[in-house]
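Asks: Got a structure for you, questions after.
The values are calculated or read from the model by the stated rules, or taken from the named source; none is laboratory data. Only a predicted model underlies this, so the values are computations on that prediction, with no experimental measurement involved. A quick note on method: Cβ atoms are made from the backbone with ideal geometry, for glycine too, and the neighbour counts reach across all protein chains shown. Ligands, DNA and RNA are excluded from the accessible area calculation, which covers all protein heavy atoms including side chains. Shrake-Rupley method; radii C 1.70, N 1.55, O 1.52, S 1.80 Å.
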Amino acid sequence: MIKTAARLISHALLGKSGKQPLDIARVRKVLILRNDKIGDMIVTTALLRELKKNYPHWQIDVAASSANRDVIAANPHVSDILIWDKQPLLRDLRTTIADLRRRRYDVIFNPYNRFSIPLLLRIKWLGARYLTGFAIPKYGTSTAKLGMFDHTVPCDRSRHILHSYFAAFAAFGLRDIDMRYELFGVEAHAAPIDDACDTLLRSYAGLFCLNFQGSNAQRTVSVADAQRCCAALAARYPRHALLVIAAPGTEARAAGIVDGAGHANVMLAPPTGHILQLAALIRRCELVLSPDTSVIHIASAYDRKIVGYYIRTDNYHWFYPASRQYRVILAPGLTLDKVSADETLAAVAALMDGKTAAVQAAG
């Protein structure tokens with residue numbers, strides 16, 4: 001009964017009348033919804049570039065969050081950035097949704113692969129002439145059957161998410177698609193990072209960096225495991241400095257990892273309070289180790305060697321590192337409660353030997 005009621009409510013609330021077929025010649029204003037996390041925005045930079053490359057006359061706006069707007073603040077492919085943070089529905093209607101609706105977008109792309117009635121209502125009220133997104137099943141129906149969408153494609157859970165993003169724009173005839181990520185504006189934040197890295201490289205042959213902090217507790221490497229991984233890497237690569245990144249609020253834990261590793265070539269990374277400072281650091285590192293978070297995607301933008309720690313969700317298919325040389329260490333379950341120093345060392349050795357992409361299951 002609950003599923004039936006939810007299906008009926010969905011179809012009643014999420015329809016749209018007066019639909020018009022897509023006329024690409026009339027498209028001038030496009031809105032990309034991306035008001036979520038930093039890593040998601042970095043991945044989406046490939047789509048922004050390819051849309052602008054194929055349709056340079058388009059106005060491409062992005063609805064970003066306060067958390068991820070800095071990723072595209074200097075992006076030349078974006079015309080306007082509109083902040084859309086989470087707030088109660090009625091306040092949303094009076095503020096952000098009302099503002100976006102007044103802009104009368106020809107095309108809106110919804111990249112979210114979830115069926116949420118509150119989310120979909122917000123998107124419907126934006127009033128897009130043409131709305132494209134994903135066919136997500138729920139309540140015995142699918143977003144493909146909701147009248148608010150003009151076009152949907154399956155979200156392919158076996159391939160990188162960008163394949164599905166570009167599939168949503170298949171009718172637009174995008175040519176010569178390049179899936180590389182890109183970051184702009186890093187130079188404005190790079191000077192103190194570059195000075196620190198230059199100093200280190202007078203004593204060391206190269207730089208590695210470790211990010212232990214994930215997007216939540218389940219995706220965070222423990223202090224003890226990080227200490228063991230750092231100690232093993234430091235002993236194997238004594239001519240490299242291993243920099244431990246401290247996200248804001250994790251400085252004490254980072255210091256504990258450095259102290260517990262017990263090697264002089266394990267040290268705290270230069271402070272990176274701004275996301276583009278972090279990018280400036282990562283671009284100077286030869287190899288990056290991190291849970292599945294924005295650090296992976298920044299390292300991908302610079303084609304660095306990457307060891308990624310992933311829990312057993314679809315993310316290791318959707319958001320694997322977009323770099324030529326990487327190793328994914330796949331946890332046995334839904335947490336990173338046991339990150340192996342031996343597996344980490346083996347993954348790093350493979351990358352330093354020039355081997356390419358692979359996924360290995362943790363023991």
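Asks: Counting other C-beta atoms within 10 Å, and keeping those with at most 16, which DSSP coil trypsin sites (Lys or Arg not before Pro) do you find in segment 73-122?
Replies: Answer by residue number: Lys86, Arg103, Arg104, Arg114.
Asks: Rounded to the nearest 0.05, what FRET efficiency do Ser116 and Asp176 have when you use their Cβ-Cβ distance and R0 = 41 Å?
Replies: Working from the Cβ atoms, E equals 0.75.
Asks: Quick one: grab the alpha carbon gyration tensor of segment 128-176, order the square roots of its eigenvalues as a ≥ b ≥ c, and give me rounded if a/c is under 1.5, else prolate or oblate depending on whether a/b is larger than b/c.
Replies: Oblate shape, in that a/c is at least 1.5 and b/c is the bigger or equal ratio.
Asks: With labels modelled as points extended 7 Å from the Cα through the Cβ direction, what inter-label distance (nm, one decimal) is found for Asp195 paired with Ala264?
Replies: Distance between label points: 2.5 nm.
Asks: Which stretch or stretches of segment 326-341 have amide N atoms under 18 Å from the point lying 7 Å from Val359's Cα along the Cα→Cβ direction?
Replies: Within reach of a label on Val359: 326-336.
Asks: For segment 233-264, which trypsin sites (Lys or Arg not before Pro) are both in a DSSP coil and crowded by at most 13 other Cβ atoms within 10 Å?
Replies: Arg239
Asks: Give me D for segment 215-321 in µm² s⁻¹, whole number, from Stokes-Einstein with Rh from the Kirkwood sum over alpha-carbon pairs, 25 °C and 0.890 mPa s.
Replies: 172 µm²/s
Asks: Also, quick follow-up: Show that you can apply the helix-only estimate: for the chain, add -39,500 (n - 2.57) for every DSSP H stretch of four or more residues, divide by all residues, and state [θ] at 222 nm to the nearest 500.
Replies: Dividing the helical sum by the residues of the chain leaves -10500 deg cm²/dmol.
Asks: From the Cα trace of the chain, what convex hull volume per residue do you get, rounded to a whole Å³?
Replies: 146 Å³
Asks: When only alpha-carbon atoms count, how far does segment 1-148 stretch along each of its three principal axes, as whole angstroms with the largest first?
Replies: Projected onto the principal axes, the Cα atoms of segment 1-148 cover 50, 34, 28 Å.
Asks: Quick one: how many Å² of Cys229 are accessible to a 1.4 Å probe, rounded to 10?
Replies: Taking all protein chains as shown, Cys229 has close to 10 Å².
Asks: For Arg239 and His160 in the same chain, what is the full-extension length gain: residue separation times 0.36 nm, less their Cα-Cα distance, in nm?
Replies: Working: separation 79, 0.36 × 79 = 28.44 nm, distance 3.51 nm.
My answer for the length gained is 24.9 nm.
Asks: Okay, next question. Taking the Cα centre of segment 237-360 as origin and charging only Cβ (+1 Lys, Arg; -1 Asp, Glu), how large is the dipole, in debye to the nearest 20?
Replies: 280 debye
Asks: With a/c under 1.5 counting as rounded, go ahead and sort segment 61-100 into rounded, prolate or oblate using the C-alpha gyration tensor (a ≥ b ≥ c being the square roots of the eigenvalues; past the cut-off, prolate if a/b is larger than b/c, else oblate).
Replies: It comes out oblate by the Cα gyration axes.
Asks: May I ask you to rank Ser116, Ser17, Ser164, Ser203 by accessible area, largest first, using a 1.4 Å probe over the protein chains only? Before the final figure, lay out each step's value.
Replies: Numbers: Ser116 30, Ser17 105, Ser164 5, Ser203 75 Å².
Order by accessible area, largest first: Ser17, Ser203, Ser116, Ser164.
Asks: In debye, nearest 20, what is the charge dipole magnitude of the chain about its Cα centre with +1 on Lys and Arg Cβ and -1 on Asp and Glu Cβ, if you could check? Walk me through the intermediate numbers first.
Replies: Details: 45 positive and 31 negative charges, 316 e Å.
Charge dipole, the chain, about its Cα centre: 1520 debye, nearest 20.
Asks: Classify segment 39-85: rounded, prolate or oblate, from the alpha-carbon gyration tensor (a ≥ b ≥ c, eigenvalue square roots; a/c under 1.5 rounded; otherwise prolate if a/b is larger than b/c)?
Replies: Here segment 39-85 falls in the prolate category.
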